[in-house]
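In what follows, a single structure is set out as structure tokens and then discussed.
The values are calculated or read from the model by the stated rules, or taken from the named source; none is laboratory data. Quick caveat: nothing in here was measured; it's all calculated off a predicted structure. Neighbour counts are summed over all protein chains in view; Cβ atoms, including those assigned to glycine, are modelled from backbone coordinates with ideal geometry. To get the accessible areas, we keep the full protein, side chains included, count just its heavy atoms, and leave off ligands, DNA and RNA. Shrake-Rupley method; radii C 1.70, N 1.55, O 1.52, S 1.80 Å.
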Amino acid sequence: MNATTPHAPSSVSDEEIARFSALAEQWWNPSGPMRPLHAMNALRIDWASRHLPLRGRTTRRAKILDIGCGAGLASEALAKAGYDVLGLDASANGIAAAKEHLATCPLPEHAGPLHYRNGSAEDLVAEGCVFDAVVALEIIEHVTDPAAFMDMLAQLAGPKGTVIVSTMNRTLRSLAVGKIGAEYILRLLPVGTHEWRKFIQPSELGQYARAAGLRMTAIAGMAPGPMGWKETRDLGINYIAAFTRY
């Protein structure tokens, strides 16, 4: 793996951060611009939980980094599942909305601890932070360099750590459904949310992972249905994958 240096280009896209910062106040509205994330969140967390470590290296709760957490939709769900969670996002507005929601709607007593931080993957790598697992949901298609981003995820996961990534496949179907359909026809997402050319094929994600010292252990498609989102073998549009660091 290539260690991140102070001169390495940032994975954060200012344009992307500005776009999602503008949506921060509406993030927790299940009928708002983030409603597709609300709809798929239960599936994402259930699948991720089946591939995350149950505990840390001792009897403590496993420490999970939710990178690109936005206003904390997945972070709260992971904490409710019993993990010790740090939600990280480069959007100050997103982190402010996450903290506000947590203060307004406290987690149940059985939940794990949850903290939020405004910053980037580079910040944590530079500080030598290591977690039992790193979760990056619907974020890698928005970074400037997905290969370098995967390398940072591997560094943050540490030896034998787990990395969970969900993203969108670059196919004609994802262009028709995930981009044109979702943004322009059904208006499920604000126009400009995604750039189809930045969608990542599973083979490309696997290549980035191997270069970062990660081994893929599981992969599944995610698809909407009449009873909610479901796991599928079809990787043509949305998919989620688990990796272990060598």
Inset, instruction - Scan the range 58-80 for residues that are at pLDDT 95 or above and open to solvent by 40 Å² or more (accessible area, probe 1.4 Å) and report the count. - result: 2
Inset, instruction - List the number of the failed condition for E25; all other conditions in (1) open to solvent by 50 Å² or more (accessible area, probe 1.4 Å); (2) in contact with a helix residue (DSSP H, G or I) (Cβ under 7 Å, 6 or more places away or on another chain); (3) in a loop (DSSP other than H, G, I, E, B) hold. - result: (3)
Inset, instruction - Sort out which residues of the range 96-143 are of a type in the set (V, I, T) and open to solvent by 40 Å² or more (accessible area, probe 1.4 Å), and write them in order of number. - result: T104, V130
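Among L172, L124, L156, which is the only one that is without any contact (Cβ under 8 Å) to a residue 24 or more places away in the chain and either farther than 18 Å from L73 by Cα or in contact with an Asp or Glu (Cβ under 8 Å, 6 or more places away or on another chain) (or both)?
Values: L124 fails: without any contact (Cβ under 8 Å) to a residue 24 or more places away in the chain; L156 fails: without any contact (Cβ under 8 Å) to a residue 24 or more places away in the chain.
One residue alone meets the criteria, L172.
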Inset, instruction - Would you please name the residue that is modelled with the lowest pLDDT, looking only at residues in the range 140-182 that are touching a strand residue (DSSP E or B) at 6+ places or on another chain (Cβ under 6 Å) and part of a helix (DSSP H, G or I)? - result: G178
Inset, instruction - Restricting attention to the range 87-115, report how many residues are in contact with a Lys or Arg (Cβ under 6 Å, 6 or more places away or on another chain) and closer than 17 Å to P53 by Cα. - result: 2
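Go through S75, S49 for me and flag whichever is within 22 Å of V125 (Cβ to Cβ) and of a type outside the set (V, I, T). Let's see the steps before the verdict.
Working: S49 fails: within 22 Å of V125 (Cβ to Cβ).
Criteria check complete, one pass: S75.
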